[in-house]
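> The following block contains the structure, expressed as structure tokens.
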Amino acid sequence: MPKYNKKVLTPEEQELFNELKKLSKRANQRIVRLERAFGKDTWATKYLKEKLESEPVQAWTTKGRVRVNKSMTLIQMKATIKATKEFLNSSISTQRGVKKAKIKAIKTLKTRFSTDVSDISYEEAEALTKFFEDNEVNGITNFIPGSDALAIIEEAREMKSDYTTFASQMESIIRYNKGSSYESILRKIYAKYIYKGNADTNELEILYNNIFELLSNASNESDLQEVESIISDLLSQNKINEQEYNYLMNEVNNKRKEL
């Protein structure tokens, strides 16, 4: 039988591996508790699954747990650590948080959309809470009523609209002018929720232009970290490939040197 040498980790890889082992243990324990209380595939778990089962990352097991081993690349480990931290920090990754999310979602629907819905599922409540907590979703309501913005975003997701169509629809219903970052908000919403992937060359070019525009307008480290987060999410969702990810991250670092 041939003998295979075990992979020897560099100091950076070992540090990331150790961190990932701790995080994955916590996350997997929490997933088990959520499954016992609400069944499989709560919204927080599904969101984590989407990020980790994509082709570039491949850190999700067939049993529905966070995978970790020493054969993972640096990019795999970094992406898995980021997604796992987001899961653990999410308000809807605990039993108490899920129950509170349902109460909050019902209240939000009543106050924001004048809709009296008391019988929604925990899954619907989780999804609504996550969506309404997004900075861009909240920020767009400085220009467009929340119900109108949500309707267009949902339609754009369903129809897989390109950025031009989406932006045009949003701009056609502007009612207020309470800020100066409207275009930036639209670009972020498009990248986070609507961009369908890199099969369409024109759409990929538009995505690049949006990212570059966000970098051009970035004025501090917080702005850059937000762009980094969007790029990492695009990779974990298999909407850009590893080469595109490295290229965009290099542009972020170039901008960082200018600040």
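Just so it is clear, none of the values below were taken in a lab; they were calculated from the coordinates. The shown structure was predicted, so the numbers you read here are calculated from the model rather than taken from an experiment. For neighbour counting, all protein chains shown are included, and Cβ atoms are generated from backbone atoms with ideal geometry for every residue, glycine included.
> Relative contact order for the stretch 134-258: what percent, with Cα pairs under 8 Å and sequence separation of 6 or more?
23 percent
> Hull surface divided by four, with the convex hull built on the Cα atoms of the stretch 134-258: how many nm²?
Computed as one quarter of the Cα hull surface, the answer is 7.3 nm².
> Please state, as a whole number in µm²/s, the translational diffusion coefficient that the Stokes-Einstein equation yields for the stretch 11-89 at 25 °C and 0.890 mPa s, with Rh defined as the Kirkwood radius across alpha carbon pairs.
In µm²/s, the coefficient is 197.
> Report the full-extension gain for the segment residue 155 to residue 178: residue separation times 0.36 nm, less the Cα-Cα distance, to one decimal in nm.
Gain in length upon complete extension: 5.8 nm.
> How do 78-87, 12-21, 40-49 rank on mean C-beta neighbours within 10 Å, highest first?
Peptide ranking by packing, descending: 78-87, 40-49, 12-21.
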